[in-house]
Structure formats: structure tokens, C-alpha cells
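*Asks:* I have a structure here, written as C-alpha cells, and I will follow up with some questions on it.
The values are calculated or read from the model by the stated rules, or taken from the named source; none is laboratory data. Source: prediction; values computed, not measured. Using ideal geometry, Cβ is built from the backbone for each residue, glycine included, and neighbour counts are taken over all protein chains shown.
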Amino acid sequence: MMRLGGAFFLTLLAATAARGQAPDMSCSNGGFPAETAIGLAKVIGADRLVFLKDTDGCPSEAASCRQRAYVVSGDELLTGRSAGGYVCAFFPNRGGGSAGWVQRTRLQALPVEGSPPLSAWAGHWSNGDDTINLTVEGGALVADGNAYWPSAHPSLSQFPGGPNLGDLSGTARPSGARLVFADPDPQACAATLTLVGGLVVVSDNGACGGQNVSFSGVYSRR
């Protein structure tokens with residue numbers, strides 16, 4: 001009986017596990033801010049481009065995978081991971097935005113600023129009721145943010161004590177198009193901000209406030 005060497009056997013096991021691990025096909029409004037490489041693209045083509053679900057068996061062109069949300073030629077989308085012929089994308093709008101898989105061939109990549117100046121970051125940014133103020137001090141940016149759950153003004157009958165609150169503060173220098181506010185304490189609030197196409201995509205560590213409070217989202221300047 002042939003025996004496998006220890007190192008070879010462990011490598012074989014790792015390769016087998018990797019082949020058996022399903023790729024992450026999630027693509028949703030709540031999950032999009034966690035995308036690690038965010039780009040910008042313009043929709044091309046004459047037909048509507050329908051967002052596709054991230055449920056089992058999707059994305060595909062099957063009717064069961066189609067969302068109601070769609071975009072049209074000329075609309076600009078934030079883009080994330082690719083999977084086959086599809087790209088995870090987010091379309092910002094006043095209703096909170098729409099996210100889902102879209103056909104790669106219907107997108108034209110747009111250039112993005114690799115190292116935006118501090119002035120491009122400065123301002124009052126909002127995502128629904130959640131806000132982040134960024135001001136320039138010296139060669140750095142100072143953050144002052146507030147977040148709420150379920151909203152800044154929930155029903156008093158359901159939330160008599162008012163909303164759960166969160167806050168974000170700190171001073172940091174951007175690295176390229178990314179700005180990280182973190183505390184030496186790993187249990188404290190930390191957030192990564194990415195500036196793309198005049199929008200700020202925020203992903204936090206879930207420790208920035210009360211229960212269910214999060215700064216994660218796509219913010220526009222107000």
C-alpha cells in the first residue's frame with residue numbers, strides 16, 4: 001500500500017477543501033459596502049439592465065433571478081466582485097439604492113481618482129438619517145458622525161426610549177482613495193471609507209453604537 005508523505009497529504013487535503021468550498025455569491029444593499037475593491041462603471045446598451053438576485057441558482061437570466069430594480073444606458077454604478085459574466089453592482093438613489101448582479105458586458109469601466117485630494121473628502125455626507133462630517137485639519141481629516149437604528153425619529157409607541165445611537169470620531173490620513181478610522185482597542189469602533197465617483201462607501205466593524213446601529217452604507221454629499 002502506497003503511503004503519502006505528510007506535506008503532500010496536507011496539500012492534497014487543502015486543495016480538495018478549496019474545490020469543495022462554494023464561492024461567495026452574496027450581493028445586496030447591506031453587504032455591498034464590504035466589497036474590498038470598489039470601482040465605477042457606466043451602463044451601455046439600449047435595453048434596461050435588470051439587477052439579478054443573489055439567491056440559490058443566481059445570478060442567471062432566469063425569470064426567478066430577476067429583481068424589479070433596473071438601470072438604463074448612461075446610469076453610473078459602483079462595482080465590486082466579478083463572478084463569471086456578472087458583476088456585483090450598486091446604483092445610488094434617494095430610495096437607499098439598489099444592489100445586485102448585472103451582466104458584465106453591459107458595463108463600461110470609468111476612471112476613478114486613485115488619490116483624491118483632501119478637499120474631495122471634506123463635507124457633510126449622509127446615508128438616510130446617518131451622517132458623517134469630514135473636515136480638513138492640517139494634512140488629515142477629522143470625522144464626526146452619527147448613526148441611528150431604526151431611524152433618527154422612530155415611532156414612539158414602538159421605541160419609547162428613542163432610537164439606538166452610534167457615533168464615529170477620529171483623525172486619519174487617507175491612503176489613496178481609502179480612509180480608515182480605527183482605535184488601538186480592537187473592540188472599539190472602526191470604519192473604512194472609500195471615495196469613488198463622488199460617493200463615500202463606508203464599512204464599519206459593528207462596534208460603533210447600540211444594537212443594530214451601523215455606519216455601513218453608501219453616502220452622498222449634502
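*Asks:* In this structure, does residue 77 turn out to be surrounded by 15 or more Cβ atoms within 10 Å (Cβ to Cβ) and either within 21 Å of residue 216 (Cβ to Cβ) or of a type outside the set (A, V, I, L, M, F, W, C) (or both)? Even if it seems obvious, please write down each step before you answer.
*Replies:* Values: surrounded by 15 or more Cβ atoms within 10 Å (Cβ to Cβ): yes; either within 21 Å of residue 216 (Cβ to Cβ) or of a type outside the set (A, V, I, L, M, F, W, C) (or both): yes.
Spelling it out, residue 77 is indeed surrounded by 15 or more Cβ atoms within 10 Å (Cβ to Cβ) and either within 21 Å of residue 216 (Cβ to Cβ) or of a type outside the set (A, V, I, L, M, F, W, C) (or both).
*Asks:* Ok, one more. Go through (1) out of contact with any Ser or Thr (no Cβ under 9 Å at 6 or more places or on another chain); (2) at pLDDT 90 or above and name the single condition residue 8 misses.
*Replies:* (2)
*Asks:* Looking only at residues that are part of a loop (DSSP other than H, G, I, E, B) and among the acidic types (Asp, Glu) in the stretch 48-87, which one is farthest from residue 113 (Cα to Cα)?
*Replies:* 56
*Asks:* Something else about it: Condition check: surrounded by 11 or more Cβ atoms within 10 Å (Cβ to Cβ), in contact with a Ser or Thr (Cβ under 7 Å, 6 or more places away or on another chain), of a type outside the set (Ser, Thr, Tyr) and at pLDDT 95 or above. Does residue 99 satisfy that?
*Replies:* Spelling it out, residue 99 is indeed surrounded by 11 or more Cβ atoms within 10 Å (Cβ to Cβ), in contact with a Ser or Thr (Cβ under 7 Å, 6 or more places away or on another chain), of a type outside the set (Ser, Thr, Tyr) and at pLDDT 95 or above.
*Asks:* To continue, here is another question. Quick check on residue 144: is it modelled with pLDDT of 95 or more and charged (D, E, K, R)?
*Replies:* yes
*Asks:* Find the strands (runs of 3 or more DSSP E) located wholly in the stretch 130-222 whose residues include 3 or more that are more than 17 Å from the chain's Cα centre (by Cα) and not small (Gly, Ala, Ser), and list them.
*Replies:* In the stretch 130-222, the matching strands (runs of 3 or more DSSP E) lie at 130-137, 140-149, 164-172.
*Asks:* For residue 147, state whether it is among the small types (Gly, Ala, Ser), over 18 Å from residue 29 (Cβ atoms), surrounded by 15 or more Cβ atoms within 10 Å (Cβ to Cβ) and not assigned by TED's automatic domain parsing to the domain that holds residue 97.
*Replies:* no
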